[in-house]
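These notes are about the structure you will find just below.
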Amino acid sequence: MITIIPEAPENVAAFNATGEVTREDFERLVIPRVKEKVDQFGELNYLLYLDTDLDKFTIGAWLEDALLGLKNLTKWNRTAIVTDNEGVQNFTNIFSVVMPGEFKSFPKENLYNALYWCKNGDEVEV
């Protein structure tokens, strides 16, 4: 299931993924929210907090996620993936080299820093 992270900054489409994530989650919530943010701000700042294993994403969810990326390819600005999964962190950092915009991974304990980075493009001084 995907839910909106309510404390996200206005210019960030932020989502929490828990349990099984389906195509319907993307169609019902993610895609309309992303469209709203792109229409409002002209760019996409996106955060996904992964509170589930990647094998919990159905094939339909993966396809919708891929289509979301292709439809908004030129609008991607900053994308944060928040997870403690090292493989996903490494993939995100490698992916950032080939995609437009900035992609960055954050450990779960740094959710608020990730939200700040998505909004502003820099991190909170620790």
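All of the numbers you see were taken from the coordinates with simple rules; none came from a lab. Keep in mind the model is a prediction, meaning the values are calculated, not measured. Virtual Cβ from ideal backbone geometry, glycine too; neighbours counted across all protein chains shown.
For this structure, a couple of remarks:
- Other residues with beta-carbon under 12 Å from the beta-carbon of residue 101 carry, at +1 per Lys or Arg and -1 per Asp or Glu, a net charge of +1.
- A cut-off of 5 Å between modelled amide H atoms, ignoring neighbours fewer than 5 places along the same chain, links residue 47 with 13, 14, 15, 80.
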